[in-house]
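Below is one structure; the comments refer to it alone.
The values are calculated or read from the model by the stated rules, or taken from the named source; none is laboratory data. Just so it is clear, the structure is predicted and the values come from calculations on it, not from any experiment. Positions of Cβ are generated from backbone atoms using ideal geometry, with glycine treated the same way; all protein chains shown enter the neighbour counts.
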Amino acid sequence: MNELRSAELGSDHGRDAGVETLDLWDVGDVVHELAQIRRHWRSTNARHVEHGAKGFPSRVRLAKIAEELSSALFPLRLGPDFVRQANEDTFITQTLQIAASRLHAQLRLELAYADEIESPLADQRATEIVVAFLQALPNLRRLLDLDIQAAFRGDPAARSIDEVLICYPGLLAIIHHRLAHTLYLMGAPLVARIISEISHGGTGIDIHPGAQIGKGFFIDHGTGVVIGETAVIGDNVRIYQGVTLGAKNFPTEADGALIKSLPRHPIIENDVVIYAGATILGRVTIGAGSEIGGNVWITHDIPPLSQVMQAREQKHLIRQARQQGITRSEFN
């Protein structure tokens, strides 16, 4: 153990830990027990076994890649403070070169892990994904411009487009989602999921990278929003904090294992507003132009141009019943 060098742990880890402290604590029994637990896990989870010494996509590195891609898309607002219009193309060129190379490395790790393909094939497939992903960035930027405009129009507290882009957690979440969804469709679901969970941790907004979201999407406030894998959201949809677009039940195989990837989340058509705390479950459709009030629970289709609101408070209904001489038992 004394011969272990910083580079073997990774430069950051080694620098923080310090080689001179590596024998300070008695961890031999812990290391041995953890090794036994790993062996047991791998032997009993053959379908999802960790493939030997193969690497695994890094959450830390993907967070940096997402940050770099965001700054390349919006260099003057999400990039470093030295970027100006005069040098933004140079900055974007350099940033995309770095981000693309780093993304390529993470994609190779996913492909080699998930498909157990040989390194040359993983390298070729990763290259194809990176090339297609880079070509998709201009259209992704166009979609994000519409999302920003929707947020500015939809929030009376927004003073400027720049404020929306820099400050709003809903915008940060949708930037990450559009990056992740693009990679998800290109065959990199694990890298995509890691990027989406990085955003989830930072914003409290949980959007599965498989969810399909149209243009002009706005999440106001955002905390506690959940959007499931097979949800489909149309254009110009606005949702508020605490909204859940979830599944109602989970069909299983004969052996009890969950059936994956079935359409099980809501379809939200164009121009729908969903207010705080609403829960919409199952493969139901919320018709275009509808307004879903706060804290409602929906498990059935809603026709277009509908308004779904909570019932009035029970105490008001009881008061009216008493005034009309209706007893509590009759009221219930």
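Structure notes:
- Taken together, I175, I129 contain a single residue that is touching a Ser or Thr at 6+ places or on another chain (Cβ under 7 Å) and either among the hydrophobic types (A, V, I, L, M, F, W, C) or assigned to a helix (DSSP H, G or I) (or both), which is I175.
- Options I227, I198, I233, I205: the member that is more than 9 Å from the chain's Cα centre (by Cα), of a type in the set (A, V, I, L, M, F, W, C) and either surrounded by fewer than 22 Cβ atoms within 10 Å (Cβ to Cβ) or under 21 Å from V272 (Cβ atoms) (or both): I233
- Only helices (runs of 4 or more DSSP H) whose full extent lies in segment 12-98 are considered here, and the ones with at least 3 residues that are at pLDDT 85 or above and within 30 Å of the chain's Cα centre (by Cα) are 59-73, 75-78.
- Strands (runs of 3 or more DSSP E) contained entirely in segment 183-250, each with at least 3 residues that are in contact with a strand residue (DSSP E or B) (Cβ under 8 Å, 6 or more places away or on another chain) and in contact (Cβ under 8 Å) with a residue 40 or more places away in the chain: 218-220
- Looking across segment 251-285, just one residue is surrounded by fewer than 17 Cβ atoms within 10 Å (Cβ to Cβ), of a type outside the set (V, I, T) and outside any loop (DSSP other than H, G, I, E, B), and that is L258.
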